[in-house]
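To start, the structure under review is shown below, and the notes come after it.
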There are 2 protein chains.
Amino acid sequence: MAPITKKPTIKDVAKLAGVSFKTVSRVVNNEASVSDAVRDKVNECINKLNYRPNHTARTMRKAPFSLAFVYDNPNSNYVIQMQNGIISQCRKQGFELVIRPTDSKAEDVGKELAAMIGSNQIGGVILTPPLSENRALVTFLLNQGAKVVRILSGSEPPDDLAPVIYVDDIAAGDDITAYLLQLGHRRIAFLGHNPAHESSRGRLQGYQQAHDKQGVSVDKNLIIEGEFTFESGMKMTQTLLENNPQRPTAIFACNDEIAAGAVFMARLQNLRIPEDISIVGFENSPFSVQTLPHLTTMDQPNFDIAASAAALVISLMQEQKEMKTSSKGFNPKLLIRDSATQPATSK
Amino acid sequence: MAPITKKPTIKDVAKLAGVSFKTVSRVVNNEASVSDAVRDKVNECINKLNYRPNHTARTMRKAPFSLAFVYDNPNSNYVIQMQNGIISQCRKQGFELVIRPTDSKAEDVGKELAAMIGSNQIGGVILTPPLSENRALVTFLLNQGAKVVRILSGSEPPDDLAPVIYVDDIAAGDDITAYLLQLGHRRIAFLGHNPAHESSRGRLQGYQQAHDKQGVSVDKNLIIEGEFTFESGMKMTQTLLENNPQRPTAIFACNDEIAAGAVFMARLQNLRIPEDISIVGFENSPFSVQTLPHLTTMDQPNFDIAASAAALVISLMQEQKEMKTSSKGFNPKLLIRDSATQPATSK
DNA sequence: TTAATGGTTGACAACGTTGACATGATAACG
DNA sequence: CGTTATCATGTCAACGTTGTCAACCATTAA
């Protein structure tokens, strides 16, 4: 293809087709009242000139066609999955995505985003935890005139501020704990307790709930605090094994990265998995297949969650109404692989 | 902060300050000939109204202030690091980043990007391997009128098509191999050979080169083909150990993920690291600290590489000249941690 | 035959900004 | 004092598109 000299405009197309540029605009926007003959001729000229409507001019005359994805999350896998989900949806609807990583100083995020909204670059924002838990930020963004969708942990939207895509960590924590209990485990450790972390709280609550349902009591010594990292997973496992001479028969790790660390540490201690100790993860991230054996885990459909959030913001941007009722929930599903089995004693 | 009714424009500021809107424009753009008194008053009014220049209108009148980052890479850590580096630079210079993941079908990428360039959304593109190796794509994008910067493996730019940020994998492969040789290793395995993968080729070449310099011959059986993944790292290690009764004393893994897989598998085979076998990685990714011991590796400054690529595209977009000479090279540096030591025999 | 209808099309302004140019005031110079 | 250069500011068109409204033509109803 030859180098282009200048980008063709709607007027160039109009001249070539012998119609007014307004008619071309009508064709481009698929408006009704254009005769078939004219429509065909215009389309032909558009192709001939390789004309692309100027996104910028369009945005100026109408509304922004871009949305922002704000993340403050050390987990690259999570971010990339979310990002890909959002982009996939954006592409389908002709929207563009602008990325905004941040360093958790929520105030600065607010200012920066306000600048982007104020400058008409973006019309909508998708927030993930922990940013999405910041109600002040949400309110602030709404007041700036942006559409906001939050991705949150919970069994229902916490308020009517803005639509929420929620993931039920309690039910999921319950499910996977129930699975371990049903296998016969009675001493199940919980790795990754973190009161400041919404998902961690939810999963722990589900863990507790499943025990209660079965009338099994929880040994508090088996609940270990830590970060959502591989390294922390190793350390927590070490702590767990050192402090509990009566070894737990199973470990519920709060995410796959912790679980991978737990598998690694357990092997270092010459424990076989799952024969000596069962280990389950959470999220179905790439980490879950970076262990031997592969992890039984909860499959959390991040891509779909993100796509669904994107679809929601876009619909908010298109309709002018508020649609506060359009929240949607996702339930992670148990994904059985090879890292959990019946405890030795019950065999 | 109260909900805003309508975004203030330059004219609102002008009215409030009692000057013409052109003067406000001058203040906003930091142009010279504005008296201090007026400048101060205008700035005051800008703050009072919380005015933000409309990015869209600006883009239309001048040139696009956005660039695209195109990736086709399964490695989330890499993508996120690059992305963060680019964004950090963009932010400094008031540019915006648009993300474009793709599924390696180069032709579609070209079309999509052409559409974005044609519609004036973006003025520049940053390409990473393997997309950046596709000269047809680069030429195509240049012909569309975009500025292009490629990130490539090599010791110098391969051509004058467009500026290149290049990472010298050969020198780096040489460096880390030389380190192992200098420790006394004579049987060093190479994991992750992949002729289709530019970086893999370069690192292997460096590996060979270091051996040649020392007059040490390479045992071809120690060069194992595979993917850049944890799982492949495990498999390659297993193959390596099975096929070589005379065990290598060190492993050079083509990246940290492979190395982590190697560490895991070596442990499964009851090998101590580094006492029984030294293992080094490449990239200094998060994987390099997700093993015990932490990996000696080559530190590849992805963030800085990306920031530098971004700075380059932006300068190309700003200057109208071509700047074909502005390529820049990076050399990964040896990062010594705990996974490599002298071989047992030489102790 | 005339008026009303409905489907196509075009003329023009507008979005918010910057660039080119014009104007007015002040300072510098002979 | 008159002329010119310099600085500060303003006026207006333009970027490429869409919204508003008017105009046109062909058909149908009265």
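The values are calculated or read from the model by the stated rules, or taken from the named source; none is laboratory data. Since this is a predicted model, take the numbers as computed values, not measurements. Note that each Cβ is placed from the backbone with ideal geometry, even for glycine, and that neighbours are counted across all protein chains shown. Quick note on the areas: whole protein, heavy atoms, side chains included, nothing else; ligands and nucleic acids left out. Shrake-Rupley method; radii C 1.70, N 1.55, O 1.52, S 1.80 Å.
Among residues of segment B:55-68 that are assigned by TED's automatic domain parsing to the domain that holds B:LEU312, none has a Cβ under 9 angstrom from a residue that is assigned to a loop (DSSP other than H, G, I, E, B) and of a type in the set (Lys, Arg) at a sequence gap of 6+ or on a separate chain.
Sub-6 Å Cβ pairs linking a first residue in segment B:197-226 that is basic (Lys, Arg) to a second residue that is not in a loop (DSSP other than H, G, I, E, B), at least 6 apart or interchain, are B:ARG203/B:ASP169; B:ARG203/B:GLY173, ordered by first then second residue. Looking only at residues of segment A:5-16 that are open to solvent by 40 Å² or more (accessible area, probe 1.4 Å) and away from chain B (no Cβ under 14 Å), we find that the one that is nearest to DNA strand D (Cβ to nearest atom) is A:LYS11. With respect to the conditions (1) within 10 Å of chain B (Cβ to nearest Cβ); (2) in contact (Cβ under 8 Å) with a residue 12 or more places away in the chain; (3) away from DNA strand D (no atom under 13 Å from the Cβ), A:ASP72 falls short on a single one, namely (1).
Of A:ARG267, A:ARG272, all but one fail to be in a loop (DSSP other than H, G, I, E, B) and either within 14 Å of chain B (Cβ to nearest Cβ) or closer than 25 Å to A:ASN84 by Cβ (or both); the exception is A:ARG272.
When segment A:98-128 is examined, which residues are found to be free of Cβ contacts under 8 Å to residues at least 40 places away in the same chain and touching a Ser or Thr at 6+ places or on another chain (Cβ under 8 Å)? Hits for segment A:98-128 are A:VAL98, A:ASP108, A:VAL109, A:GLU112, A:SER119. I'd like to know if segment B:148-168 contains one or more residues that are under 22 Å from B:ASP103 (Cβ atoms), open to solvent by 50 Å² or more (accessible area, probe 1.4 Å) and touching a residue at least 24 places away in the same chain (Cβ under 8 Å). Checking segment B:148-168: not a single residue is under 22 Å from B:ASP103 (Cβ atoms), open to solvent by 50 Å² or more (accessible area, probe 1.4 Å) and touching a residue at least 24 places away in the same chain (Cβ under 8 Å). Flag not set for A:SER25, criterion: more than 15 Å from DNA strand D (Cβ to nearest atom) and hydroxyl-bearing (Ser, Thr, Tyr). Of all residues in segment B:75-111, those satisfying the criterion of being facing chain A (nearest Cβ under 8 Å) and either closer than 20 Å to B:VAL148 by Cβ or in contact with a Gly (Cβ under 6 Å, 6 or more places away or on another chain) (or both) are B:VAL79, B:GLN83, B:ILE87, B:GLU96, B:LEU97, B:VAL98, B:ILE99, B:ARG100, B:PRO101. Checked against (1) more than 24 Å from B:ASP168 (Cβ to Cβ); (2) open to solvent by less than 10 Å² (accessible area, probe 1.4 Å), B:SER217 passes all but condition (2). Looking at B:VAL19, is it outside the structural domain of B:SER308 (by TED's automatic domain parsing), within 16 Å of DNA strand D (Cβ to nearest atom) and either in contact with a His (Cβ under 6 Å, 6 or more places away or on another chain) or in contact (Cβ under 8 Å) with a residue 12 or more places away in the chain (or both)? Considered against the rule, which asks whether it is outside the structural domain of B:SER308 (by TED's automatic domain parsing), within 16 Å of DNA strand D (Cβ to nearest atom) and either in contact with a His (Cβ under 6 Å, 6 or more places away or on another chain) or in contact (Cβ under 8 Å) with a residue 12 or more places away in the chain (or both), B:VAL19 comes out as yes.
Scanning segment B:112-141 for residues that are within 12 Å of another protein chain (Cβ to nearest Cβ) and open to solvent by 50 Å² or more (accessible area, probe 1.4 Å) turns up B:GLU112, B:ALA136, B:THR139, B:PHE140. Which one is farthest from the other protein chains (Cβ to nearest Cβ), of the residues in segment A:44-69 that are within 13 Å of DNA strand C (Cβ to nearest atom) and among the aliphatic types (A, V, I, L, M)? That would be A:ALA63.
Name, by its number, the condition in (1) modelled with pLDDT of 95 or more; (2) more than 20 Å from A:ALA172 (Cβ to Cβ); (3) under 27 Å from the mean Cα position of the chain (by Cα) that does not hold for A:ALA260. Failed condition: (2). So is A:VAL109 over 15 Å from B:VAL98 (Cα atoms), surrounded by 15 or more Cβ atoms within 10 Å (Cβ to Cβ) and within 14 Å of DNA strand C (Cβ to nearest atom) or not? The answer is no for A:VAL109.
Restricting to segment B:28-43, name every residue that is more than 9 Å from DNA strand C (Cβ to nearest atom) and free of Cβ contacts under 8 Å to residues at least 24 places away in the same chain. Those that are more than 9 Å from DNA strand C (Cβ to nearest atom) and free of Cβ contacts under 8 Å to residues at least 24 places away in the same chain: B:ASN30, B:ALA32, B:VAL34, B:SER35, B:ASP36, B:ALA37, B:VAL38, B:ARG39, B:ASP40, B:ASN43.
When B:VAL216 is tested against (1) modelled with pLDDT of 95 or more; (2) in a helix (DSSP H, G or I), only condition (2) is not met.
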